[in-house]
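Okay, structure first, notes after.
The values are calculated or read from the model by the stated rules, or taken from the named source; none is laboratory data. None of the values given here were measured: they were computed from a predicted structure. When we count neighbours, we look across all protein chains shown, and the Cβ atoms used for this are built from the backbone with ideal geometry, even at glycine.
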Amino acid sequence: MNSQSIVDVAANLRPLISQHRREGELNARLAPEVVEAVGKAGMFRLFAPKEVGGLEVTPSEAFGAVVEMAAGDPAVTWYVVNSMPGCMMTAKLPEEERNRVFADPDRHFGFSAVALSKATPVEGGFTLNGSWPVVTGVEDSHWCALAGLVWEGDEPRLVDGRPDARMFLIPTEQLEIEQTWQNAAAMRGTGSNQVNAKDVFVPEVRACVPGSTPLIDRPMFRGSPTALTLPIFAAVAVGVLKGAIEAASAEIKQKVSSVTGKALRDQTETQIAVADANAALRAIRAGAIEAFDRAWAYTSRGEEVPMELRAELYSSSFYAGDVARQMISNLYTKGSRAAFMQGHALERCLANIHAIIAAIDARRGFHHSAGSVLLGGEPLEAAF
């Protein structure tokens, strides 16, 4: 990395990302040029250990970089954000195994946190069987980080009364990829196909236990992975709003309503929609980064992040996504009819933001927990 900030590097990638957005959607897979450029820029290693070429940027720097790229194509940042858990997991690996995983440091990880597989203990590790319906960018990955449950006999194994859940690091070549994403209506460029494992052996060293002590003891790898990654998923939504504002504003400035005969830019409702969207963008971005920075200050000092601050961090993340969805919907309805056409930038923003929030909704329990904590109660999520 040169003297440029990671946010500037991301902004410089945006023209290439935007240029190939439609190609990625048509092919249900990012263009090779994009995967190569984003990888070489280090975007898939934002949260990877420095020992393997990782950047270990601050969370707010990662947030800003993701916003810039998502404004061009959120499918790219889905590759980036889904690589973060795998990158952080490698801090739990011995040096030799870590270097093996990062033999090609510019590649992203396939990832699924849905524990749909069955891991059977065998000598030296586990045999993995199961399927993961949605694994972003798996065709372009060399490694996948996939969740599974350890079973003993006919029942999941329990540890301290809870199922023994692991994250398994697996070479992609050992997995079967089932083409299921070609007809996706949104985020099609992510190539989020189904992955199947059939009697795949995973050594014990690559069957990572969430919350276990990392071998690399630095702030990036001490804290909760959810507290680091969930706000970055929200950054994708913020970036889509930024792209939607730019697309809508450029078109509104040039269009005349065929119904009223007035320039769209002179219509009161359209003016308000654009003004509100701009204000919302600044507010949700600033609020999320402010909470992120305060939480990171505690983590950097080796201190536990206070419960109420965690609640603010999670609530800011969900609020950012929900507001982005609302503002994009407003821009879509107040803009030009051209946005109704398939492939139009604003049409894609509308479809993509709903898909993004649907994915984030899988963690909505953290939103409810945040409200409970702020009201003096206990979090509902054990990983809060």
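Numbers below:
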| read-out | value |
| --- | --- |
| Qualifying positions in region 140-155 - surrounded by 18 or more Cβ atoms within 10 Å (Cβ to Cβ) and either touching a residue at least 40 places away in the same chain (Cβ under 8 Å) or closer than 14 Å to ARG166 by Cα (or both) | ASP140, TRP143, CYS144, ALA145, LEU146, ALA147, GLY148, VAL150, TRP151 |
| So ASN196, is it in contact (Cβ under 8 Å) with a residue 24 or more places away in the chain and either over 19 Å from ASN82 (Cβ atoms) or not in a strand (DSSP E or B) (or both) | no |
| Residue check, ALA248 in contact with a Leu (Cβ under 6 Å, 6 or more places away or on another chain), at negative phi and not assigned by TED's automatic domain parsing to the domain that holds GLY125 | yes |
| Per-region count, region 350-365, residues over 11 Å from PHE233 (Cβ atoms) and not charged (D, E, K, R) | 8 |
| Scope region 352-384; condition touching a Lys or Arg at 6+ places or on another chain (Cβ under 7 Å) and either in a loop (DSSP other than H, G, I, E, B) or among the acidic types (Asp, Glu) (or both); matching residues | PHE384 |
| Of residues in region 287-325 being free of Cβ contacts under 8 Å to residues at least 60 places away in the same chain and basic (Lys, Arg), the one surrounded by the fewest Cβ atoms within 10 Å (Cβ to Cβ) | ARG301 |
| Residue count, region 333-351 (criterion: under 23 Å from THR190 (Cα atoms) and either part of a helix (DSSP H, G or I) or within 24 Å of the chain's Cα centre (by Cα) (or both)) | 11 |
| Condition met for ARG294 (charged (D, E, K, R), more than 22 Å from ILE360 (Cα to Cα) and at pLDDT 95 or above) | yes |
| Check on VAL236, assigned to a helix (DSSP H, G or I), surrounded by fewer than 19 Cβ atoms within 10 Å (Cβ to Cβ) and not charged (D, E, K, R) | no |
| ALA31 of a type in the set (Gly, Ala, Ser), crowded, with 19+ Cβ neighbours inside 10 Å and modelled with pLDDT of 95 or more | yes |
